[in-house]
1. Out of 46, 14, 20, report the one residue that is under 23 Å from the mean Cα position of the chain (by Cα) and not in a helix (DSSP H, G or I).
2. Just the residues that are closer than 13 Å to residue 68 by Cα, in contact with a helix residue (DSSP H, G or I) (Cβ under 9 Å, 6 or more places away or on another chain) and either in a helix (DSSP H, G or I) or modelled with pLDDT of 95 or more (or both), please, taken from the range 199-222.
3. Kindly establish whether residue 146 is more than 17 Å from the chain's Cα centre (by Cα), within 26 Å of residue 180 (Cα to Cα) and at pLDDT 95 or above.
4. Does at least one position in the range 157-178 carry a residue that is touching a helix residue (DSSP H, G or I) at 6+ places or on another chain (Cβ under 8 Å) and at pLDDT 95 or above?
5. I'd like to check something: does the range 226-241 contain any residue that is in a loop (DSSP other than H, G, I, E, B) and either touching a residue at least 40 places away in the same chain (Cβ under 8 Å) or at negative phi (or both)?
6. Does any residue of the range 32-50 turn out to be in contact with a strand residue (DSSP E or B) (Cβ under 8 Å, 6 or more places away or on another chain) and over 23 Å from residue 184 (Cβ atoms)?
7. State all residues of the range 23-33 that are part of a loop (DSSP other than H, G, I, E, B) and closer than 22 Å to residue 264 by Cα; if no residue qualifies, say none.
């Protein structure tokens, strides 16, 4: 690890957040895959610590939440009795502010009330003041939001119903045509025109483009939960602090007022 020059480490990290697989990076750079994984985990921990320390007291007006599916080791239907709990389906819960485009928090886990609870607790520690929150119809959010925020925010639920079977569910990987949306106010007075999850859903596409392990129908899936979390820490740190957003012409962290300059890997390599 320490034998790699800084320039080589930065090259590996850039390739990791630009949609390349571990073995692909090994072929491009000549760095052994085990070294790449160790670097990813070490810098991922630094990225997590950096975000925990600096992403506090955020002022967000319109937050959207969604989950993106992935899996570790094998798909859920292939699990056997006695397999570790980390294998199978995993979901990344994501919050995004539609104005600054910053992702203040994410959480990895099963799609259940437990993960939703910790996701909202982390969000409560990151964001100050009153804001409007939109989630999808996942029932785990209702108690999680109430536990974290009570009735002190403007909270609404958005259900998107697609053309498909009689229940409107999407089938397969290709996107289906949206049939209708239904909005439900849970607390406060959310602005109807801001009840939306389209911006955070666009972040899901960014993840699939920037992180190879989220590409469908490949063998680049995560082999361990630790590697998945490390890759996501890299991605969201790079997205928030280092990558210029196409519409903002600055990083989301700069737009949110928590950074004055574009970050570099030096910030998290030490």
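1. Residue meeting the stated conditions: 20.
2. 203, 204, 206, 207, 208, 211, 213, 214
3. no
4. yes
5. No, the conditions are met nowhere in the range 226-241.
6. no
7. Within the range 23-33, just 31 meets the criteria.
This table checks each residue for (1) surrounded by fewer than 16 Cβ atoms within 10 Å (Cβ to Cβ); (2) more than 16 Å from the chain's Cα centre (by Cα).
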{"position": "181", "(1), (2)": "yes, yes"}
{"position": "188", "(1), (2)": "no, yes"}
{"position": "196", "(1), (2)": "no, yes"}
{"position": "211", "(1), (2)": "no, no"}
{"position": "222", "(1), (2)": "no, no"}
{"position": "230", "(1), (2)": "no, no"}
{"position": "236", "(1), (2)": "no, no"}
{"position": "246", "(1), (2)": "yes, yes"}
{"position": "265", "(1), (2)": "no, yes"}
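The values are calculated or read from the model by the stated rules, or taken from the named source; none is laboratory data. Here the structure is a predicted model, which is why all the values come from computation and not from measurement. So basically every Cβ, Gly included, is an ideal-geometry build from the backbone, and we count neighbours across all protein chains shown.
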